Structures are given as C-alpha cells and as structure tokens.
Amino acid sequence: MSPRGEELFSLLRELAELTVLDEGDPQSFRARAYENAILQLKSAPGDLAAMSEKELRALDGVGKATAAKVREFFDTGRIEKLEKLRHEYPPETQRLAKLPGLGPKSLARLRKAGIHDVAGLRAAIERRELRALEGFGATSEERLARAIDRLDFRSKADRVPIAEALPVAQRLVEELGAVPGVEAALYCGSLRRLRTTIADIDILVATTRPEPVMERFRSLSAVRRVPSEGDTRSSIVTDRGLQVDLRVVAPGQLGAAMLYFTGSKAHNIKLRQLAIQRGWTLNEYGLLDAGSGAVIASRSEEEIYAALGLAFIPPPMREDTGEIEASAAGALPAALSEEQLRGDLHVHTDASGDGRSSLEDTLRRAAERSHAYLAITDHGEDLAINGVSRERLLEQRARLARLQAEHPRMRLLHGVELNIGPDGGLDYDEAFRDTFDWCVAAVHSHFDRSADEQTRRLLAAIRDPCVDVIGHLSGRMIGRRPGIEFDVDAVLRAAAETGTAIEINSALPRLDASWEVLRRARELPVTFVVSSDAHHSDELARLRWGAKQAQRGWVDADRVANTWPEERFLRWVRERKAARRERRW
Ligand code: DGT
Ligand code: CA
C-alpha cells in the first residue's frame with residue numbers, strides 16, 4: 001500500500017476511535033462502518049485516489065459518508081470531520097479515555113463536569129469530588145485511583161504505547177527514505193529497542209544532502225507544529241500529539257549515530273567506558289582515538305562493537321541489564337530472527353467474532369510466508385460474542401482437512417484458543433478438547449482478582465493435559481489495561497515441569513509475556529512459542545515483533561518450539577500429550 005493509502009487508513013481508524021468517544025458508545029454503528037470500510041478499501045483493486053465518489057460507493061461496505069471522506073482526503077489532504085473531533089478530543093482527553101474502567105459514557109460525564117485529562121481526574125479524586133458525580137461512587141473513585149497508579153500515569157503521563165508510535169515511525173521513515181539522495185532512514189531510540197511505551201520518536205537519516213530531507217520533514221501532512229528546526233536536526237509534533245526528532249548524518253557516520261540514538265543511555269555510558277579504557281572516545285560521530293582523533297570505526301554498529309571486543313548486541317537487549325558483560329564473555333544468546341520461525345501457532349479466522357479474514361485467505365497468506373506448519377486457533381465458546389460453537393469448529397476442522405491438499409508444504413493443525421475461567425476451568429468438555437491438534441489457553445476475563453487467585457488459575461490451565469501453550473500470559477493491553485498479577489516463579493516452574501509452553505505474543509498492544517518474565521525464565525527449562533495472534537491475514541507479519549520481544553527477553557532460539565523443523569515439532573506435541581494423559585489416568 002502506498003504511503004498515501006496508509007495515511008488514509010490511519011485517519012479513518014482515528015475517525016472510528018473518536019466517533020466511539022463522541023457517541024459515548026463502544027458499539028457505535030458509524031465507527032464500525034468506518035472500520036469495515038477500511039478493510040474493503042484495502043482490498044479494493046486499483047488506485048483509490050483515482051476513483052470518483054460514486055465508484056467508491058460502489059465498493060461493498062463503503063457507504064456514502066465514507067466515500068465522501070475518502071474523496072475529501074485525496075482532494076484536500078484532510079478530513080474536516082476528523083479535524084473537528086480532534087479539536088474536541090485532544091490527546092490528553094484521549095489518554096483519559098484509555099483508563100480501564102472508564103467507558104465512553106463515564107467519559108462524557110467527566111467532560112461535562114470539566115474534567116478533560118488524567119491530571120484533572122486525579123485532582124478530583126484527591127478532593128473526593130468524583131463520588132458526587134452522577135454514575136460514580138466511592139468504589140469507582142477508588143478503582144480509578146488504582147488504575148491511574150497501576151498504569152503509572154503519574155510518572156509517565158506523556159508516554160505513548162508502542163502500538164501507536166510504531167506505525168507513525170514506519171510511515172515517516174518510508175517517506176524520508178524516498179527523498180532523493182537518502183541512503184538510509186530508520187527509527188532509533190526506545191522504539192528500536194522495543195520498549196512498551198515511548199516518550200518520543202527518534203529518526204535518523206543518512207545523506208550528504210540534508211536540505212531536501214529537512215524540507216520534506218517539516219512539510220509532512222501529519223505535522224501539527226514545528227517546535228524546533230535546524231540544518232541537520234528538527235523536531236515536529238504530529239497531529240496526534242507525538243513528538244518526532246530527526247537527525248541527519250553523513251553516511252560514513254551512520255553506525256555511530258545509530259548506536260548513540262538507539263541508546264539506552266545506560267548502555268551508551270558503559271560502551272563509552274570500554275572505549276576510554278582503550279584510549280579512545282565514543283560519541284555520535286564515531287569511535288575515535290583520543291589522542292590523534294583518528295577514526296577507529298563509525299560506519300556500522302557491528303564495526304564499533306567488534307572494535308570494543310564485543311559481539312553485536314541486538315537493540316532490544318540494550319538496556320544495561322548485563323548485556324555488555326555477557327557479550328564480552330560470549331554468553332549472550334544468539335538473536336532469534338523472524339526467518340527462524342517455521343510456523344505460526346495462534347491464528348484467528350473470521351469464524352471468531354473478532355477475526356476478519358477467511359480461512360482460505362489466511363492459509364494462502366501463511367503459505368506465502370513459507371510456514372512449514374500452521375495452527376488455526378479460533379476462540380473457544382466461553383468468550384462472549386467472539387467465541388465459536390462446537391458445531392462450527394467441527395465444520396471448520398473438516399474444511400481445513402480438505403484445504404490441506406492445496407497446501408502440501410504446510411502442515412495444518414486444527415487448534416483452538418481456550419478461555420481460562422476464573423477458577424482455571426476451560427471451554428467445552430475434556431473429551432472435546434482432546435480432539436484438537438493444538439490448544440492455546442489464555443485469560444480473557446476477570447483481570448481484577450488477587451495474585452493468589454490468578455496464580456491458581458494459571459497453574460490449573462498449565463497442568464491441564466490438553467493445553468499446549470498459555471497465550472498472552474498476563475493479558476495486558478499496553479497503555480490501556482495492566483496485566484493480571486501472579487506468582488511468576490511458580491507459573492514458570494509449572495510450565496517447565498509440565499512442558500506446557502509459554503507464548504510470546506507478537507501483537508504490539510500485548511508483547512506478552514513481558515521481557516521481565518522471559519528473563520526470569522532463563523533459569524528454568526521452559527519452552528516458548530512465538531505467535532502472531534493474527535485476527536487478519538495482514539497480521540501474520542507481526543511475528544517480527546515477537547522475534548524481537550524474544551531477543552529482549554534473552555530467549556535462546558532453541559527453546560522456541562516453532563523454530564524447530566516440522567518433524568521435531570510434531571514429535572514434541574505428541575510425546576508431551578501422551579505423557580500427560582498417562583499421568584492423568
Ligand atoms: P524515550 O524517548 O524516553 O522513550 O527513550 P529513548 O531511549 O528513546 O530516549 P531519548 O529519546 O531521550 O534519547 C534517544 C537516545 O539518544 C537514547 O536512548 C540515548 C541517546 N541519548 C540521549 N541523550 C543522551 C545523553 O545525554 N547521553 C547519552 N550517552 N546518550 C543520550
Ligand atoms: Ca525517544
């Protein structure tokens with residue numbers, strides 16, 4: 001898709017989100033219509049920009065209002081309705097709307113009472129004024145106070161979830177990369193390290209001709225204001241309130257600049273100490289001899305690490321948690337790459353209420369990725385609205401078996417994503433669960449229980465003989481909902497004992513298990529699975545983020561079951577199930 005198209009979809013998505021806020025209704029018909037239209041427009045043949053309003057309306061699922069907005073976007077570069085909503089709901093208000101337990105209706109009440117951001121809400125809670133408002137009480141006051149604390153809004157009021165920032169950064173990098181004379185454009189900073197939230201986007205461009213890059217940067221359509229500008233560095237604030245810093249460097253200094261602007265700061269400081277011990281200095285321009293100023297290395301990060309006697313350290317590991325010492329000692333785990341993943345084991349189709357792609361499309365797109373095996377795992381029936389009945393799953397199983405012939409190089413597994421109930425129970429019955437080739441089990445409800453209860457819940461699921469992997473272990477939605485609290489060591493021990501794998505969920509709003517949990521698992525023989533959790537066939541490509549999350553957690557590739565060849569993988573599934581069934585009887 002062209003950058004213009006991507007921009008249009010991003011604006012329509014934002015329009016859908018703001019419409020939900022504006023109407024105070026999470027099921028807003030109009031918001032759904034926008035979302036649906038995006039899917040249809042994405043798969044429309046030909047150039048959208050060249051289509052008339054009438055032609056757009058002729059597309060399935062694209063109504064009159066949406067068609068007019070698409071035309072408006074291509075003609076004027078903006079969507080008036082969106083501008084109005086943005087004005088009404090500035091980023092501070094949108095952030096407020098993301099507090100767990102604060103639906104669009106309560107948000108409307110807060111706004112009426114003059115509360116427009118998290119700071120205002122906190123003040124009202126501290127003054128015990130919230131409980132006086134209609135629809136709120138002492139309990140909700142307390143719950144919201146806890147939500148603010150748990151999301152750490154106090155200290156990180158302005159941090160943005162990675163899922164919001166990354167698509168913006170990718171688009172900017174693509175646009176700047178297309179400017180004539182640009183040899184490289186990439187994002188650095190906390191985003192490149194795959195932190196869950198970021199304060200600002202740091203972009204680096206290598207070229208000998210900075211002017212056209214700077215010019216382009218300041219005139220991008222997403223720019224709201226330009227707080228600072230210079231010859232080789234500028235900052236902008238996007239229309240969604242994100243700050244972006246751009247640095248232009250000479251191609252010969254790209255490695256040093258990447259290292260410097262990727263950070264983390266603590267990692268950089270340690271590297272600089274290593275340089276000083278050798279009589280060198282390290283800065284954003286290069287690794288230099290302290291006396292003569294001669295360049296020792298500057299072109300690539302690899303050269304600089306090598307000169308310092310270190311193996312290359314992947315960006316997600318650069319947090320000063322022992323990676324430099326481990327690299328010097330040759331003890332750093334090899335970085336797991338996306339290419340090593342031979343299969344995907346958590347994939348939804350439109351059988352799930354929240355799935356968007358047909359089974360056929362999903363298989364075709366997975367085959368394009370050269371997967372050797374693939375598990376289709378739609379939602380178990382206990383999940384409200386989105387769950388799938390036993391009958392429909394059996395139909396799907398038969399369909400999948402038929403489709404196997406069309407994909408001789410990809411072994412198809414019929415799986416399911418079971419819901420872990422409040423007491424650790426699972427969907428359907430034991431006999432039916434046993435008929436699946438592959439079972440994911442995950443928490444989708446009851447996030448507020450005590451850590452003891454959550455631990456018992458997870459342990460019950462881990463020990464259930466049908467469960468192969470625990471999906472998105474904590475259930476967190478970054479920036480929106482904290483994960484469940486549980487005894488990490490007890491859960492990891494049980495996973496190691498039973499052989500039940502722990503998922504590394506690649507969805508950017510999740511990145512779950514967290515890297516902290518993954519690091520804790522290094523002491524135990526836990527098996528992992530990196531999964532896309534795709535709800536649309538486009539999202540099969542998310543595995544790259546899961547691979548980086550595995551790097552961030554120092555996970556050895558050999559512990560990741562879906563790096564294994566098909567035969568080894570299937571033997572593992574079979575043997576473990578057999579062993580556990582024996583234990584059960
Ligand atoms: P953020 O923006 O808070 O999510 O996190 P970062 O890591 O992106 O931090 P940021 O944007 O302040 O700076 C980007 C990188 O630039 C940072 O990771 C390391 C480097 N950097 C910035 N300031 C300094 C500094 O004073 N000393 C050193 N050594 N490096 C710095
Ligand atoms: Ca940054």
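The values are calculated or read from the model by the stated rules, or taken from the named source; none is laboratory data. What you see is a predicted model; the values in this text were computed from it and never measured. Note that each Cβ is placed from the backbone with ideal geometry, even for glycine, and that neighbours are counted across all protein chains shown. Heads up: the accessible areas ignore ligands, DNA and RNA and are worked out on the full protein's heavy atoms, side chains in. Shrake-Rupley method; radii C 1.70, N 1.55, O 1.52, S 1.80 Å.
Key figures for this structure:
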{"read-out": "Net charge, Ala507 excluded, C-beta distance under 9 Å - Lys, Arg +1, Asp, Glu -1", "value": "-1"}
{"read-out": "Pair-distance profile P(r), taking every C-alpha pair of segment 451-521, with 10 angstrom steps and integer %", "value": "21, 56, 22, 1"}
{"read-out": "Computed helical MRE - 222 nm, the chain, DSSP H runs ≥ 4 contributing -39500 (n - 2.57), nearest 500", "value": "-13000 deg cm²/dmol"}
{"read-out": "For the chain: relative contact order, % (alpha-carbon pairs under 8 angstrom, 6 or more apart)", "value": "9 percent"}
{"read-out": "For segment 169-261, with +1 on Lys and Arg beta carbons and -1 on Asp and Glu, the positive-most of Gly181, Pro210, Phe261 along the dipole", "value": "Phe261"}
{"read-out": "Estimated dipole of the chain in Debye, rounded to 20 [Cβ of Lys and Arg +1, of Asp and Glu -1, Cα centre]", "value": "500 debye"}
{"read-out": "Gained length - Ile276 relative to Lys54, 0.36 nm times residue gap less alpha-carbon distance", "value": "73.2 nm"}
{"read-out": "Rg to Rh quotient for segment 438-585, alpha carbon positions, Kirkwood Rh", "value": "0.95"}
{"read-out": "Lys, Arg +1 and Asp, Glu -1 on Cβ, resulting dipole of segment 359-442 about Cα centre, debye, nearest 20", "value": "580 debye"}
{"read-out": "Relative contact order %, segment 299-420, counting alpha carbon pairs below 8 Å whose residues are six or more apart", "value": "21 percent"}
{"read-out": "Over segment 224-290, volume per residue of the alpha carbon convex hull, in Å³", "value": "100 Å³"}
{"read-out": "Segment 320-431 shape via C-alpha gyration tensor axes, a/c threshold 1.5", "value": "oblate"}
{"read-out": "Heavy-atom accessible surface of the chain: percent carbon and sulfur, 1.4 Å", "value": "48 percent"}
{"read-out": "Of the trypsin sites (Lys or Arg not before Pro) in segment 104-150, those whose Cβ has at most 10 other Cβ within 10 Å and which sit in DSSP loop", "value": "Arg127, Arg128"}
{"read-out": "Extreme residue, positive dipole direction of segment 347-427, given options Thr349, Leu418, Leu383 (C-beta unit charges)", "value": "Thr349"}
{"read-out": "Compactness of segment 1-137, expressed as Rg and Dmax over alpha-carbon positions, Å", "value": "17.9, 58"}
{"read-out": "Mean projected area in nm² (Cα convex hull; one quarter of hull surface) for segment 401-461", "value": "5.2 nm²"}
{"read-out": "Heavy-atom accessible area per residue - the chain, 1.4 Å, Å²", "value": "44 Å²"}
{"read-out": "Chymotrypsin sites (Phe, Trp or Tyr not before Pro) within segment 29-75: DSSP coil, no more than 16 neighbouring Cβ in 10 Å", "value": "none"}
{"read-out": "Extension gain from Glu83 to Thr139, taking 0.36 nm per residue of separation minus the Cα-Cα distance", "value": "16.5 nm"}
{"read-out": "Cα-based Lys proximity count in the chain, under 24 Å, for pairs eight or more positions apart or on separate chains", "value": "23"}
{"read-out": "For the chain, diffusion coefficient by Stokes-Einstein and Kirkwood Rh (Cα), 4 °C, 1.567 mPa s, µm²/s", "value": "50 µm²/s"}
{"read-out": "Segment 79-206: Rg to Rh, with Rh as the Kirkwood radius over Cα pairs", "value": "1.11"}
{"read-out": "Paramagnetic reach from Leu570 (point 7 Å along Cα→Cβ, amide N under 20 Å) across segment 369-383", "value": "369-377"}
{"read-out": "Pairwise FRET efficiency - Asp558 versus Arg299, Cβ, R0 = 30 Å, nearest 0.05", "value": "0.40"}
{"read-out": "Full-stretch length increase - Glu360, Phe312 - with 0.36 nm per residue and alpha-carbon distance subtracted", "value": "13.2 nm"}
